1. Going through segment 282-293 one residue at a time, which ones are under 23 Å from residue 129 (Cβ atoms), modelled with pLDDT of 90 or more and not in a helix (DSSP H, G or I)?
2. Six or more apart or on different chains, Cβ atoms under 6 Å: show the pairs whose first residue is in segment 265-290 and more than 30 Å from residue 170 (Cα to Cα) and whose second is loosely packed, with under 13 Cβ neighbours inside 10 Å.
3. Just name the residue that is surrounded by the fewest Cβ atoms within 10 Å (Cβ to Cβ) out of those in segment 211-256 that are in contact (Cβ under 8 Å) with a residue 12 or more places away in the chain and in contact with a helix residue (DSSP H, G or I) (Cβ under 8 Å, 6 or more places away or on another chain).
4. Only one of (1) at positive phi; (2) touching a strand residue (DSSP E or B) at 6+ places or on another chain (Cβ under 7 Å); (3) buried (at least 16 other Cβ atoms within 10 Å of the Cβ) is not met by residue 144, so which one is it?
5. Which residues, counting only those in segment 184-210, are in contact with a strand residue (DSSP E or B) (Cβ under 9 Å, 6 or more places away or on another chain), more than 23 Å from residue 149 (Cβ to Cβ) and free of Cβ contacts under 8 Å to residues at least 60 places away in the same chain?
6. Give the residue that is farthest from residue 79 (Cα to Cα), with candidates limited to residues of segment 15-52 that are part of a strand (DSSP E or B) and more than 35 Å from the chain's Cα centre (by Cα).
7. Checking residue 200 against (1) loosely packed, with under 15 Cβ neighbours inside 10 Å; (2) closer than 17 Å to residue 123 by Cα, which test does it fail?
C-alpha cells in the first residue's frame, strides 16, 4: 500500500486581541491518496500525513497544532482510488499537551498559586527565624491576642489518575498531614496538604480528578501555644500554685493575678526584664501526622 500526500491549500492570520496579546493562526490542507485495497479510516490518514497534535509548526515554533480534521477528498472515491482531505490548524495561544494521547490521565499536572486570607487573633510573630510573643508596654501578652488578616501562601495542583487500582483510602488518610521534609520551599512542618478527588467517566476512560491544596504557614502547623497560665511553680518540678499579684511586681493587693503570665520551660514566671526573649512556646505537640510530600509525585 502506498500513500501520496500533497498540500492543496494554506492560510495564515495574525491579530492583536482585546487584552493586547498578539496571536497567530495557521491552516494547512492536504490531499491524501492511497492505493489501498480496503477503506482506510481517519486515524490511518492522519498517521500517513505525520503531523502530531501538539507539535509546533516549522515556520513558527510558537504555534501549536491544536486541531486536525480528516474528511472525504474532492470527490467520492472507493478503493483502490481513495482520496481524503486532511486539514490542520496551529495557533500561538493553543495549549501545549504533554502527549498526543486522548487518555485524560496523560494531561499535565497543573499548578496555581494564590494567597489565602484568614481572619484570626495572633499572640506571636516571626522575628527572622525566631518566634516571639507580642507584649504590651507593661510586658504582658495582649488579652485574647491581636486581630489581623493572616495571609498564607496556597499552592494548588490538579491531575488525573487512572481509576484502576486507585487508592481512595489514601485521600482521606493523607489529608491534613504536614511536610516532614522541605517542600515547595517550606521548611518541615510549615506546609499542610488537603486532598480531594472526583470520580470521572469520559468516553471509555475511567479516572479520578485529584486536587492537592498546599497551605504554607511560617510558624508551622503543629500547635505551639505560649507557655503561660494562671499557675506557676516556685522551683522546677515543684507543686503548681496560683499566681498572685505580688509574683509579677503588682503594687496592689496580694490577690490572685487576673491575667495569665508567661512561664519558662520549668513552669517559673518569666521576669519582666527577660520578656519577650525569655517567653517560651510549647513545641512538643504533634497533632498533625507528617509525611514526605514528594511521594505524591506531583
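The values are calculated or read from the model by the stated rules, or taken from the named source; none is laboratory data. Computed from a predicted model, the values in this text were never measured in an experiment. For neighbour counting, all protein chains shown are included, and Cβ atoms are generated from backbone atoms with ideal geometry for every residue, glycine included.
1. Across segment 282-293, the qualifying residues are 285, 286, 287, 288, 290, 292.
2. Matching pairs, first to second residue: 266/236; 280/265; 282/225.
3. That would be 249.
4. Evaluating residue 144 over (1) at positive phi; (2) touching a strand residue (DSSP E or B) at 6+ places or on another chain (Cβ under 7 Å); (3) buried (at least 16 other Cβ atoms within 10 Å of the Cβ) leaves (3) as the failure.
5. Scanning segment 184-210 gives 187, 195, 196, 197, 198, 199, 201, 206, 208, 209, 210.
6. Taking the candidates together, the pick is 27.
7. (2) is the only condition that residue 200 fails.
Rundown of residues vs (1) surrounded by 11 or more Cβ atoms within 10 Å (Cβ to Cβ); (2) free of Cβ contacts under 8 Å to residues at least 12 places away in the same chain; (3) assigned by TED's automatic domain parsing to the domain that holds residue 184; (4) assigned to a strand (DSSP E or B), yes/no style:
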residue: 112; (1), (2), (3), (4): no, no, yes, yes
residue: 116; (1), (2), (3), (4): yes, no, yes, yes
residue: 125; (1), (2), (3), (4): yes, yes, no, yes
residue: 137; (1), (2), (3), (4): no, yes, no, no
